[in-house]
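To keep things clear, I will list the structure first and then write my remarks on it.
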Ligand code: NOJ
């Protein structure tokens, strides 16, 4: 029997339930003024590219004034644009033009911490312990007779202690402040009502400017356990901690999201928020998606999954079961600006038991087979785009860009590099400026020509970058870019894709196969060459061998019952 959806039609349901959102890491997307860094006008110039790709929305990583210690995730002013990236007028123009093209706009909001250059933090440094200025952040006295021992044993995600001792205005060593990330990113005190009111103003500011939604940075981190008890084990916490941590996923965060929901709902047009909540198991994520909280949360399960049918199937089932209880759609993610690109992860695979993880930044390049990684990333894309719900594509994913693994150490900029004591190279390898053209000049087309000439791109690009460029892939009808364009266009016209039901079809342990309404079948082959089911092929991630599906290949088909 054919699978039928009983949801309202796609036009009638909220847009974010089905949306394919394209993540723009602004510094690396497109540079309009030749300074080697991406900017707002650069994005505007590329709107036709995004329209042709067929995405529904864009999420732009933080574009606010920032000293760029963590490339914008250290915000100095939440209601303006970083001068290197443009102006508020440019932002408004971009939002309006994207809307005219039918593309929604999501901005990144960073509520867990600000930059140490934020006006409030500068005021806190000058004010006395116990003052209202200090209370906006998390300042504490140190332990020990001289107060020189940090207030507790918390570590920063980027490495080292999560506490930094300040020098008081009188020149004496003083209190400590909490920074779960870089030293330059002091954590706000969300028990303080001024902080809450401030962020409500920030939300309204951007909603008034026309944005359709927010991506909430570290959405599971704002509330800390009462009394700041020690973390259970030493070491730097991962964003997704294996054990409960006194600073992640505390119950109090939900009250914040309930108040944000009311603000979002007070605006017309299905405004939304998507949580970066690295919480586990899936049932804990569902708590962020209750109807009176956030619409959406990234599902990070795929970021930490092996390229393996069984693991992926378990994770798909787990997420769908958990979120369906609260009526939220799934949102699948294979890549973002914090993890090694999936081409490399899938090429390297995992060696269970050796402590290797899919997020391993160093990996063993000798084991890399890029051809395999690209084939798997393409198959993964067709899997993701056929699953129920929405999906996030990180810039360059549509080009199946590999990670850049050999950025010279003196060019690394991620705070992780320094804070890990130069042991973790950090995330720069997935943030290298996008290659738009085949030729190396102007950063492979990243920087547009202008009369001032072109500066070097902020991160160096490898010599081979041009072979993955938009220009070269536009010339090749079998390229990854061509496949994404076709897939997104099919997804738009197939009313059974996006949110709605799915049903597994059993074709053997090495194949993931599922049906969607409209007699649509997606088959992904993780094993050796396998027979193609009966039906008409709509799209495949690689060449099909007569009646066979080669290994690491996905196929979209129309079947008859
Ligand atoms: C998560 C962001 O994705 C990451 O890039 C950033 O470094 C941390 N949050 C801190 O804001």
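The values are calculated or read from the model by the stated rules, or taken from the named source; none is laboratory data. What you are looking at is a predicted structure, and each value in this text was computed from that prediction instead of being measured. In this analysis, Cβ positions are derived from the backbone assuming ideal geometry, glycine residues included, and neighbour counts consider all displayed protein chains.
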If we keep just the residues of region 250-285 that are outside any helix (DSSP H, G or I), within 20 Å of residue 336 (Cβ to Cβ) and out of contact with any strand residue (DSSP E or B) (no Cβ under 7 Å at 6 or more places or on another chain), which is farthest from the ligand (Cβ to nearest atom)? 280
Note: among 478, 424, just one is more than 28 Å from residue 313 (Cβ to Cβ), in a loop (DSSP other than H, G, I, E, B) and modelled with pLDDT under 95, namely 424
If a residue must be surrounded by 17 or more Cβ atoms within 10 Å (Cβ to Cβ) and either assigned to a strand (DSSP E or B) or in contact with a helix residue (DSSP H, G or I) (Cβ under 8 Å, 6 or more places away or on another chain) (or both), how many such residues does region 524-536 contain? 4
So residue 194 passes all but one of these: (1) assigned to a loop (DSSP other than H, G, I, E, B); (2) touching a helix residue (DSSP H, G or I) at 6+ places or on another chain (Cβ under 9 Å). Which condition number does it fail? (1)
For the condition crowded, with 21+ Cβ neighbours inside 10 Å, more than 16 Å from the ligand (Cβ to nearest atom) and in contact (Cβ under 8 Å) with a residue 60 or more places away in the chain, what is the one hit in 407, 434, 454? 434
Taking the residues in region 316-333 that are out of contact with any strand residue (DSSP E or B) (no Cβ under 8 Å at 6 or more places or on another chain) and part of a loop (DSSP other than H, G, I, E, B) as candidates, determine which candidate is surrounded by the most Cβ atoms within 10 Å (Cβ to Cβ). 326
Testing residue 503 on (1) without any contact (Cβ under 8 Å) to a residue 40 or more places away in the chain; (2) touching a strand residue (DSSP E or B) at 6+ places or on another chain (Cβ under 6 Å), one condition comes back false. Which one is that? (1)
Do we find that residue 158 is at pLDDT below 95, crowded, with 21+ Cβ neighbours inside 10 Å and either within 25 Å of residue 61 (Cα to Cα) or away from the ligand (no atom under 16 Å from the Cβ) (or both) in this structure? yes
Anything in region 487-500 that is over 16 Å from residue 22 (Cα atoms) and within 25 Å of the chain's Cα centre (by Cα)? List them, or say none. 490, 497, 499, 500
Within region 69-91, identify whether any single residue is in a strand (DSSP E or B), buried (at least 24 other Cβ atoms within 10 Å of the Cβ), within 16 Å of the ligand (Cβ to nearest atom) and touching a residue at least 24 places away in the same chain (Cβ under 8 Å), and answer yes or no. no
Confirm whether residue 368 is touching a helix residue (DSSP H, G or I) at 6+ places or on another chain (Cβ under 6 Å), within 16 Å of the ligand (Cβ to nearest atom) and more than 22 Å from residue 299 (Cα to Cα). no
If I filter region 26-47 for residues that are surrounded by fewer than 21 Cβ atoms within 10 Å (Cβ to Cβ) and within 16 Å of the ligand (Cβ to nearest atom), do I get at least one hit? no
Leading residue by the ranking (nearest to the ligand (Cβ to nearest atom)) among those in region 321-337 that are touching a residue at least 60 places away in the same chain (Cβ under 8 Å) and more than 13 Å from residue 274 (Cβ to Cβ): 337
Can you go through 521, 539 and tell me which one is within 20 Å of residue 384 (Cα to Cα), free of Cβ contacts under 8 Å to residues at least 40 places away in the same chain and assigned to a strand (DSSP E or B)? 521
Can you find a residue that is in contact with a strand residue (DSSP E or B) (Cβ under 6 Å, 6 or more places away or on another chain), closer than 23 Å to residue 192 by Cα, more than 16 Å from the ligand (Cβ to nearest atom) and outside any strand (DSSP E or B) anywhere in region 104-121? no
Before we move on, is residue 508 modelled with pLDDT of 95 or more, under 19 Å from residue 486 (Cα atoms) and in a loop (DSSP other than H, G, I, E, B)? no
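One line per residue, one yes/no per condition, for (1) surrounded by 19 or more Cβ atoms within 10 Å (Cβ to Cβ); (2) under 19 Å from residue 419 (Cα atoms); (3) within 28 Å of the chain's Cα centre (by Cα); (4) without any contact (Cβ under 8 Å) to a residue 12 or more places away in the chain:
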{"position": "134", "(1), (2), (3), (4)": "yes, no, no, no"}
{"position": "141", "(1), (2), (3), (4)": "no, no, no, no"}
{"position": "147", "(1), (2), (3), (4)": "no, no, no, no"}
{"position": "150", "(1), (2), (3), (4)": "yes, yes, no, no"}
{"position": "163", "(1), (2), (3), (4)": "yes, yes, yes, no"}
Would you point out which residue out of 269, 210, 235 is surrounded by 15 or more Cβ atoms within 10 Å (Cβ to Cβ), more than 21 Å from the chain's Cα centre (by Cα) and farther than 26 Å from residue 136 by Cβ? 210
Within region 31-63, the residues that are more than 22 Å from residue 19 (Cβ to Cβ) and in a loop (DSSP other than H, G, I, E, B) are 32, 33, 34, 35, 36, 37, 38, 39
Answer yes or no as to whether residue 218 is within 17 Å of residue 109 (Cβ to Cβ), assigned to a helix (DSSP H, G or I), in contact with a strand residue (DSSP E or B) (Cβ under 9 Å, 6 or more places away or on another chain) and within 16 Å of the ligand (Cβ to nearest atom). no
